Structures are given as structure tokens and as C-alpha cells.
Amino acid sequence: MADELKNYYAVILAGGSGTRLWPASVKAHPKHLLKLLGDKTLIQTTFERVDGLIPTENIYVITNKAHAKEVGEQLPKIPSENIIAEPVAKNTAMAMGADEAVIHYRNPDAA
């Protein structure tokens, strides 16, 4: 991986209440954990699109605390400390703000 990419990050938003694709998607098993397009889940295919563009250790996922363990199991290449578990779902802006704060705390030079 090129050294100039060491300060670049990607954030995968893996939240939602499981209502958009009901009945396949429900609160306990939302759409990003479903295999809709083949043998991989939506979160796995999203990760594959980003993996290789930036260092894997710079890929973060923000998800509901109820799904953090399964997200980690589905994305074993992502360091566990890069899976941010929201205690309470708010909205996209809050999720991005939380992830931004974590990334900035760990690397103030993050791009």
C-alpha cells in the first residue's frame, strides 16, 4: 500500500432498523447482514469494494451495539477496535460524527 494513503480512512455505515426490506430484514437481522446478491452479505460486499484502496487498518464500521459481534465475524480482516458500536441509534450525521471523533483521536492527521 502506498505510503501516501496511510492517513486516508473509510467508514462503512452499518445501521438501520431493518424496516426497508421487511420481511427479509428485521431489527434483529437488518439488511447489511443479509445475503441478497449471492453468497456474501451486503456488508461483506461493501468491505470488498473498499479493501485494497486504503490500508485495511484504516477501514472502520459503525453499527448498532446489538450487531457489532456479527459484523466482526463477517469482517474478520477489520481490527475489532475499528468496529464502533453505537449504544443508541440516532442518525447518519451522529454516526459519522462519532466515527470521525474516534479516527481523529487515534490519528490527528487523518484525511
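No value in this document is a laboratory result; all are computed from the given coordinates. Bear in mind the structure is a predicted one, so any value in this text is a computation, not a measurement.
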Point to revise | Karplus-derived 3J(HN,Hα), 6.51/-1.76/1.60, for each residue of region 32-38, Hz, glycine and proline x | key: 5, 9, 9, 8, 9, 10, x
Point to revise | Whichever aspartates and glutamates have a C-alpha closer than 18 Å to that of K35, once near sequence neighbours (fewer than 8 apart) are set aside | key: E48, E70, E73
Check your understanding: What lysines could a cross-link reach from K90, if we take a straight Cα to Cα line under 18 Å and drop same-chain neighbours fewer than 8 places away?
Key -> K27, K31, K65
